[in-house]
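Only one structure is covered here, and it is reproduced in the block below.
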Amino acid sequence: MLKNIFNKFKQIRQAHNDAKFNRKLVGTDRSGNKYYQYFDEEGYETKRECEYLNVFDQNHVNRIDPAWEDWLRKKRLDPFTEEEMEKIYRYTDNLRKKGISADKYEQEMMKTFRRTDKYNAAEKKDFQPEHWDFDQKNNK
């Protein structure tokens, strides 16, 4: 009950701030950052801005989602929809999983290489480049 009242108060305060600053909330990202479009007195779009979730938390790194950065820099005209963001998040999660599995595979390959390299070290001891005779080819 108290939580509902608090959430309602937050929504009212948010709407008041949006009207006061003449801005519109266009989206949020996974980190909870909010992205706003500002307007001038005539209703034209002026600037785009990101409001970080944890501004005062020193352990939190303020990162902008790369997809939203395109919108902030006006490389993309329209903000992302929820469906587009879910598609992007699924794709990046899939890439991250593939990267982790590739790293594990590479670590296993390096372990097997190190094991086989110990056996090849005995053969390499017979290799002595200082005893090479380069003139032997020319003499024949």
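The values are calculated or read from the model by the stated rules, or taken from the named source; none is laboratory data. Source: prediction; values computed, not measured. Using ideal geometry, Cβ is built from the backbone for each residue, glycine included, and neighbour counts are taken over all protein chains shown.
Filtering segment 5-51 to residues that are within 29 Å of TYR89 (Cβ to Cβ), assigned to a helix (DSSP H, G or I) and not charged (D, E, K, R) leaves PHE6, ASN7, GLN11, GLN14, ALA15, ASN17, PHE21.
Reported count of residues in segment 74-89, each being surrounded by 10 or more Cβ atoms within 10 Å (Cβ to Cβ) and charged (D, E, K, R), is 5. Cβ-Cβ contacts under 9 Å between residues 6 or more apart (or on different chains), taken from a first residue in segment 3-19 that is closer than 20 Å to LYS47 by Cβ to a second residue that is surrounded by 10 or more Cβ atoms within 10 Å (Cβ to Cβ) and of a type in the set (A, V, I, L, M, F, W, C), are listed as GLN14/LEU25; ASP18/LEU25.
Evaluating GLY99 against the criteria (1) within 17 Å of the chain's Cα centre (by Cα); (2) surrounded by 11 or more Cβ atoms within 10 Å (Cβ to Cβ); (3) not aliphatic (A, V, I, L, M) leaves one unmet condition, (2). Screening segment 26-42 for residues that are of a type in the set (Ser, Thr, Tyr) and within 11 Å of PRO79 (Cβ to Cβ) and picking the one that is surrounded by the most Cβ atoms within 10 Å (Cβ to Cβ) gives TYR35. Evaluation of PRO66 against the conditions (1) without any contact (Cβ under 8 Å) to a residue 12 or more places away in the chain; (2) loosely packed, with under 10 Cβ neighbours inside 10 Å shows that the sole unmet condition is (2).
Summed over segment 71-96, the residues that are of a type outside the set (Ser, Thr, Tyr) and either over 14 Å from the mean Cα position of the chain (by Cα) or not in a helix (DSSP H, G or I) (or both) give a count of 15.
Could you tell me whether any residue of segment 116-131 is touching a Cys at 6+ places or on another chain (Cβ under 6 Å) and either surrounded by 10 or more Cβ atoms within 10 Å (Cβ to Cβ) or modelled with pLDDT under 85 (or both)? Within segment 116-131 (the criterion being touching a Cys at 6+ places or on another chain (Cβ under 6 Å) and either surrounded by 10 or more Cβ atoms within 10 Å (Cβ to Cβ) or modelled with pLDDT under 85 (or both)), the answer is no, since none of the residues qualifies. Total residues in segment 13-25 satisfying the condition of being surrounded by fewer than 11 Cβ atoms within 10 Å (Cβ to Cβ) and aliphatic (A, V, I, L, M): the figure is 1. Here ASP29 meets each of (1) farther than 21 Å from GLU82 by Cβ; (2) modelled with pLDDT of 85 or more with one exception, condition (1). Can we say LYS74 is modelled with pLDDT of 90 or more and basic (Lys, Arg)? No: the conditions fail for LYS74. Going by the structure shown, is ARG48 modelled with pLDDT of 85 or more, of a type in the set (Lys, Arg), touching a strand residue (DSSP E or B) at 6+ places or on another chain (Cβ under 7 Å) and surrounded by 12 or more Cβ atoms within 10 Å (Cβ to Cβ)? Spelling it out, ARG48 is indeed modelled with pLDDT of 85 or more, of a type in the set (Lys, Arg), touching a strand residue (DSSP E or B) at 6+ places or on another chain (Cβ under 7 Å) and surrounded by 12 or more Cβ atoms within 10 Å (Cβ to Cβ).
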